[in-house]
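The structure appears below as structure tokens.
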Amino acid sequence: MQQDERRGILLMMLAMATLIGNDTLLKLSAQTLTVGQALFIRGLVLVPLLGLLALKGGALARPKDAVHPLVLLRTVGEVLFIGFYISALVHLPIGDATAILMLAPVLATLGAALAFREPVGAWRWAAVLVSFAAVILVVRPTIQGFDPWLAVAALGMVCAVVRDLAARRLPPGCSTALAALVAAIGVSVFSLGLMLFEGLRPFKPAGVAYAVAAGVVATVAFNAMIGSMRAANVAVVMPFRYSSVVWAMVVQVLVFGVVPDWVALTGVAFLLLVGAISYARERALRRKASLAAASVSA
């Protein structure tokens, strides 16, 4: 496997772990604050941290990249995703919301194949679809009747697909830190309007602390997600997006006191198996291609 693909996979797994942490902290924060307040406080931490990273990495040397159409498209996708998904997450069981969000890898793989003509073979499709089935085993959403918040979560999922595909086609010279910074500023501005719409609650210390922690965790998540999407083909990294379910189960046990049963553990086993096979297969394909190229040149 090429170094870029290995890096993309590792970054995707890091992004999923930190995104679950971010979602959990925001959900806890929204128990005492409004969603807008939680996002705004998170932004007070997230934007300066991302700004420092962008400055240190020289990303601010090319300010015009901040208004590149794909950077702006990714920012719009991020803003709408956060607005829809976090609002739904506050009102839905975390298993239901996670199950809906896990449709994103399937749609992202399809979108990359149609829009970018990236190669998506039978195995990669099978890996994505089997992984999704394993996710259903893990979260097993217990949906009784129609909850309008499910539709809100689905809208968030679609926006996440747009965000990820835009990240895949960012300009070659555009810094990951700059793209993350622009998106964070966009979400923070959006949170101000959301606060006016929702009204204000008292700023209780626990809610503020959770939101501040979410800002620190989201700093890592933003950079890891964009870096992953830029490092490797979408079809290569998408199966590893399901690693978030493993972290979600850990959170369910440690934070919400829900212990997984054997069905959920079976789903996790399938996820780990698909990830291991995907990694080994991509590595074998690259090795075969390298040997073929070497024999031709010889």
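No lab work stands behind these numbers, since they all come straight from the coordinates. Nothing here was measured: the structure is a model prediction, and the numbers come from that model. When we count neighbours, we look across all protein chains shown, and the Cβ atoms used for this are built from the backbone with ideal geometry, even at glycine.
Mind sorting out which of [x] 1.14; [y] 1.01; [z] 1.41 is the real Cα Rg over 2.2 N^0.38 Å computed from the coordinates?
Computing Cα Rg over 2.2 N^0.38 Å and matching it to [x] 1.14; [y] 1.01; [z] 1.41 gives [y].
Within the chain, which complete DSSP H helices have Cα atoms spanning at least 27 Å along the helix axis and a mean Kyte-Doolittle hydropathy of -1.0 or higher?
3-29, 35-56, 69-91, 148-168, 176-198, 205-231, 262-297
Tell me, in nm to one decimal, what length is gained between V250 and A206 on full extension, where the rule is 0.36 nm per residue of separation less the Cα-Cα distance?
Extending this stretch completely gives an extra 13.7 nm.
Starting with the fewest neighbours, write out F222, F132, F116 ranked by other beta-carbon atoms found within 10 Å of each beta-carbon.
F116, F132, F222
Relative contact order for the chain using alpha-carbon pairs under 8 Å, separation at least 6, rounded to a whole percent?
Relative contact order for the chain comes out at 42 percent.
Per DSSP H run of at least 4 residues, take -39500 (n - 2.57); add these up for the chain, divide by its residues and hand me the 222 nm value, nearest 500 deg cm²/dmol.
-26500 deg cm²/dmol
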